[in-house]
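Peer 1: Right, I'll just put the structure down here and ask away after.
Bear in mind that the values in this text are calculations on the coordinates, not laboratory data. Fair warning: this is a prediction, and the values are worked out from it, not measured in the lab. As a convention, Cβ positions derive from the backbone with ideal geometry for all residues, glycine included, and neighbour counts pool all protein chains shown.
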Amino acid sequence: MMAAQETTSMVGGISLNEPMSNHTSWRTGGPAEIFFRPESLDDLSLYLRSLNINVPIFWFGLGSNLLVRDGGIKGVVIAAAGLCKTLEKTGDRSVRAGASVPCTQLARQCIRWGYGPSEFFAGIPGLLGGALAMNAGAHGNETWERIRSVRTIDRFGELRQRFPEEYDIAYRSVRGPEEEWFVEAELHFDRGVTASMETLKEMLARRKNTQPLGLPSCGSVFRNPPGDHAARLIEACGLKGCRIGEAEVSEKHANFIINLGEATALDIENLIWHVQQTVADQTGVELIPEVRVVGVESR
């Protein structure tokens, strides 16, 4: 599958048939055929250049918005959570942040610098790279509203600078060049907007009180439909506490599906489908998943 030349200088770790259940917030999922954890961008670039063009590549960070099917992922999985942790001011109201910076850390540091609006990043689970990939948002703000430019790496190990106009950006959706992954972003914030640590603390407290934090989940499963909330619709349909296998619609927040302990990816995927069908039948609203479902179905 991989070309052996050029790999002798790599320092990152490679493992075969690595269980993705060890690397996703749902704590479920089949094995990655080849799992690579690079030590640096140079290390990653070297490895990418060594791969055959026909080898599929899957890139992930914390796995906080990811459902890996029980059959696992074919090809190479790049575990990028340890890369690109830069977080620094680059000018008046501008920040450079690596894709591996946790969104909560980004929010806290921007508040210390007095840059706003930035508190909303604390409401986004996971890393900045994942927030860039799906235009994640919270409390009425979205990631790409703050983006001035991004750096990406492609499957040939080449780094590029790109700008928002090169992407098709919508609510919880980002489409751009094929087989490129975010490694860094330049963010800008508004003059005259005061960032508040108290507001951030209130957001985190509200999240703690209303969401089943500490239990295996992916955060919000479905996008909010226009003018409504997915959680309200799911609760109105009597689906809180609904279970398939060890997967359950949270009693605390209806737009969360939690793994009670031994849920398979199939349990979770079937429960997602059941919620969609029930809400559509009872309300006429089609819920669109936020979660990314990948991999091979088990047989």
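Peer 1: When only Cα pairs under 8 Å and 6 or more residues apart are kept, what is the percent relative contact order across the chain?
Peer 2: Reported as a whole number, the value is 18 percent.
Peer 1: Something else: Sort largest first and round to whole Å: the equivalent ellipsoid semi-axes of the range 212-294, each the square root of five times a Cα gyration tensor eigenvalue.
Peer 2: Output for the range 212-294: semi-axes of 19, 13, 12 Å.
Peer 1: For the range 13-79, what is the Kirkwood estimate of the hydrodynamic radius, computed as the reciprocal of the mean inverse distance between distinct Cα atoms, to one decimal in Å?
Peer 2: By the Kirkwood definition, the hydrodynamic radius is 12.1 Å.
Peer 1: How high is the relative contact order of the range 87-188, in percent, with contacts defined as C-alpha pairs under 8 Å that are six or more residues apart?
Peer 2: It comes to 29 percent, rounded to a whole number.
Peer 1: Also, quick follow-up: Excluding Tyr115 itself, calculate the net charge of residues whose Cβ lies under 15 Å from the Cβ of Tyr115, where each Lys or Arg counts +1 and each Asp or Glu counts -1.
Peer 2: That works out to +2.
Peer 1: Could you size up the charge dipole of the chain around its Cα centre, putting +1 on the beta carbon of Lys and Arg and -1 on that of Asp and Glu, and report it in debye to the nearest 20?
Peer 2: Its charge dipole is roughly 720 debye.
Peer 1: In deg cm²/dmol and to the nearest 500, what is the mean residue ellipticity at 222 nm of the chain if only DSSP H runs of at least 4 residues count, each as -39500 (n - 2.57), divided by the residue total?
Peer 2: -7000 deg cm²/dmol
Peer 1: Between their Cα atoms, which of Lys89/Lys201; Lys74/Lys208; Lys85/Lys201 are more than 26 Å away from each other?
Peer 2: As for pairs spanning more than 26 Å Cα to Cα, those are Lys74/Lys208.
Peer 1: Continuing with this model, one more query. Can you compute the modelled spin-label distance between Asn270 and His139, with each label point 7 Å from Cα toward Cβ, in nm?
Peer 2: With each label placed 7 Å out from Cα toward Cβ, I get 4.0 nm.
Peer 1: Could you run the Debye sum over the Cα atoms of the range 84-242, one equal point scatterer each and no solvent, and tell me log10 of I(q)/I(0) at q = 0.14, 0.19 Å⁻¹, two decimals?
Peer 2: -0.75, -1.24
Peer 1: Could I ask something else about it? Quick check: residue separation of Ser173 and Asp92 times 0.36 nm, minus the Cα distance between them. What number comes out in nm?
Peer 2: The span from Ser173 to Asp92 would gain 26.3 nm if fully extended.
Peer 1: In debye to the nearest 20, how big a dipole does the range 145-243 give about its Cα centre with +1 on each Lys and Arg Cβ and -1 on each Asp and Glu Cβ?
Peer 2: About 620 debye.
Peer 1: Assuming R0 = 45 Å, what is the FRET efficiency of Leu159 and Glu262, from their Cβ-Cβ distance, to the nearest 0.05?
Peer 2: Efficiency, rounded to the nearest 0.05: 0.60.
Peer 1: Name the long-range amide H neighbours of Ile288: under 5 Å, sequence gap of 5 or more, or other chain; modelled H, no Pro or chain starts.
Peer 2: Those qualifying (amide H under 5 Å, at least 5 residues apart or on another chain) are Arg223.
Peer 1: Looking at Phe222, Gln105, Leu128, which one has the Cα that reaches farthest to the positive end of the dipole of the chain (charges on Cβ: Lys, Arg +1; Asp, Glu -1)?
Peer 2: Of the options given, the answer is Gln105.
Peer 1: Multiply the residue gap between Thr210 and Glu297 by 0.36 nm, knock off their C-alpha separation, and tell me the result in nm, one decimal place.
Peer 2: Result for the pair: 28.0 nm of gain on full extension.
Peer 1: Among residues other than Arg37 whose Cβ falls under 11 Å from its Cβ, what is the net charge (Lys/Arg +1, Asp/Glu -1)?
Peer 2: -3
Peer 1: Then there's this: Sum up the charges of everything whose Cβ sits under 14 Å from the Cβ of Asn270, counting Lys and Arg as +1 and Asp and Glu as -1, but leave Asn270 out.
Peer 2: Cβ neighbours under 14 Å give a net charge of -4.
Peer 1: Suppose every Lys and Arg Cβ carries +1 and every Asp and Glu Cβ carries -1, with no other charges. What dipole size does the range 87-188 come out with about its Cα centre, to the nearest 20 debye?
Peer 2: Charge dipole of the range 87-188: 400 debye, to the nearest 20.
Peer 1: Count the DSSP beta bridges whose two residues both fall in the chain, then state the antiparallel fraction as a percent rounded to the nearest 5.
Peer 2: Given both bridge residues lie in the chain, the antiparallel proportion sits at roughly 80 percent.
Peer 1: Continuing with this model, one more query. Rounded to the nearest 0.05, what FRET efficiency is calculated for Ser15 and Ser149 with R0 set to 22 Å and r the Cβ-Cβ distance?
Peer 2: It comes to 0.05.
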